[in-house]
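The values are calculated or read from the model by the stated rules, or taken from the named source; none is laboratory data. The model shown is predicted, which means the values in this text are computed figures rather than measured ones. Positions of Cβ are generated from backbone atoms using ideal geometry, with glycine treated the same way; all protein chains shown enter the neighbour counts. With ligands, DNA and RNA removed, areas are computed over all heavy atoms of the protein, side chains included. Shrake-Rupley method; radii C 1.70, N 1.55, O 1.52, S 1.80 Å.
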Amino acid sequence: MIKYINKLGDDNVNETIKTIKNHRSIREYLNKDIPKEHLDAILEAAQAMPTSINGQQVSVIVVKDKNTKEKIAELAGGQPYIAKAPVFLVFVADFYKTYLAGKKAGEPQVIHESIESTAVGTFDSGLAMGAAIIAAESLGLGIVPIGGIRRNPEEMIKLLELPEYTYPLVGLCIGYAENNSKQKPRLPKETFIHNEKYQKDNLIKYISDYDKTMEMYLKEIGLENEENWSSRTASIYKQVYFPNVYPTMKSQGFKNDK
């Protein structure tokens, strides 16, 4: 068994932290429903997360319908595990609720015209999704986030009947794991933790070390022909891989110009 250089110990941590550190992406699910009380607990954990100014500019679309999940899987670029998972959550930046609050209070909303709304809505949705992930895994469920819902955003917006000032940011498959995938190693913690100020001097060395770690990991899981982290990331980030996001954000009212 290969031991990776950035393996973290589990000494002196509680069960919650152990659950978080044991995370792995699951893409194969059993044909088994999630108990209602478990799903409710996951959604309640997501809603309990903090939001900027308590604006609560996040909504979650809970998708169980087989046909809808299959359509989402297609729009996301052909990801069959979306359809196979018993529940699929879509996290939505939601400034429609705040727009209605503004109408009620007699104050026109302008925040959706600013890049600030995109930053706030994205960050707050991430907090909610993080809580959903931890809650689901603590209940013995497997998950995998899906950024591909932004691949065809116009069709996704229509499918989910999203109103103006809302935007689908990311999805989450939830279900019982059919196969427990091997945990993927992370970059050395020195690339993540910066004491006092950003420490950039040794980043290239740490990245090079991680590329070697990933090559070992890929070999162990039978994917030795796959690219290491640097090559794969570069091949994706050399382009805007979801080019329809910006124009559809604008059509939803997110101008991002202030």
>> Which pairs turn up if I take residues in the stretch 208-219 that are over 13 Å from Lys184 (Cβ atoms) and look for partners that are assigned to a helix (DSSP H, G or I) with beta carbon separation below 6 Å, at least 6 apart in sequence or on another chain?
In response: Asp211/Trp229; Asp211/Ser230
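Every residue in the stretch 162-187 that is in a loop (DSSP other than H, G, I, E, B) and either open to solvent by less than 80 Å² (accessible area, probe 1.4 Å) or free of Cβ contacts under 8 Å to residues at least 60 places away in the same chain (or both), please. It would help to see each step written out before you state the result.
The initial filter retains those residues of the stretch 162-187 that are in a loop (DSSP other than H, G, I, E, B), namely 162-165, 176, 178-187.
Leu162, Pro163, Tyr165, Tyr176, Ser181, Lys182, Gln183, Pro185, Leu187 - these are the residues of the stretch 162-187 that are in a loop (DSSP other than H, G, I, E, B) and either open to solvent by less than 80 Å² (accessible area, probe 1.4 Å) or free of Cβ contacts under 8 Å to residues at least 60 places away in the same chain (or both).
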> Considering the stretch 231-257 alone, what residues qualify as being in contact with a strand residue (DSSP E or B) (Cβ under 9 Å, 6 or more places away or on another chain) and either open to solvent by 50 Å² or more (accessible area, probe 1.4 Å) or of a type in the set (A, V, I, L, M, F, W, C) (or both)?
Replying inline: Val245, Met249, Phe254
>> Going through Ala128, Ala132 one at a time, which residue ends up being within 14 Å of the chain's Cα centre (by Cα), surrounded by 16 or more Cβ atoms within 10 Å (Cβ to Cβ) and over 19 Å from Pro86 (Cβ atoms)?
In response: Ala128
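Is it the case, given these coordinates, that Thr51 is over 19 Å from Ile146 (Cα atoms), modelled with pLDDT under 95 and either of a type in the set (Lys, Arg) or surrounded by 10 or more Cβ atoms within 10 Å (Cβ to Cβ) (or both)?
no
Is it true that some residue in the stretch 187-200 is among the charged types (D, E, K, R) and at pLDDT below 95?
No, that holds for no residue.
So, Lys97, is that one modelled with pLDDT of 95 or more, open to solvent by 80 Å² or more (accessible area, probe 1.4 Å), in contact with a Pro (Cβ under 9 Å, 6 or more places away or on another chain) and under 30 Å from Ile34 (Cβ atoms) or not? Before the answer, list the steps.
Working: modelled with pLDDT of 95 or more: yes; open to solvent by 80 Å² or more (accessible area, probe 1.4 Å): yes; in contact with a Pro (Cβ under 9 Å, 6 or more places away or on another chain): no; under 30 Å from Ile34 (Cβ atoms): yes.
No.
What are the residues in the stretch 148-161 that are open to solvent by 30 Å² or more (accessible area, probe 1.4 Å) and either more than 22 Å from Asp65 (Cβ to Cβ) or assigned to a helix (DSSP H, G or I) (or both), if any?
Within the stretch 148-161, Arg150, Glu154, Glu155, Lys158, Leu159 qualify.
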> How many residues does the stretch 86-129 hold that are under 15 Å from Tyr167 (Cα atoms) and among the basic types (Lys, Arg)?
Replying inline: 1
> If a residue has to be within 17 Å of the chain's Cα centre (by Cα) and open to solvent by 70 Å² or more (accessible area, probe 1.4 Å) to count, how many in the stretch 39-48 make the cut?
Replying inline: 1
> Do you know which residues across the stretch 188-230 are open to solvent by 70 Å² or more (accessible area, probe 1.4 Å) and of a type in the set (A, V, I, L, M, F, W, C)?
Replying inline: Phe192, Ile193, Ile204, Met216, Leu223, Trp229
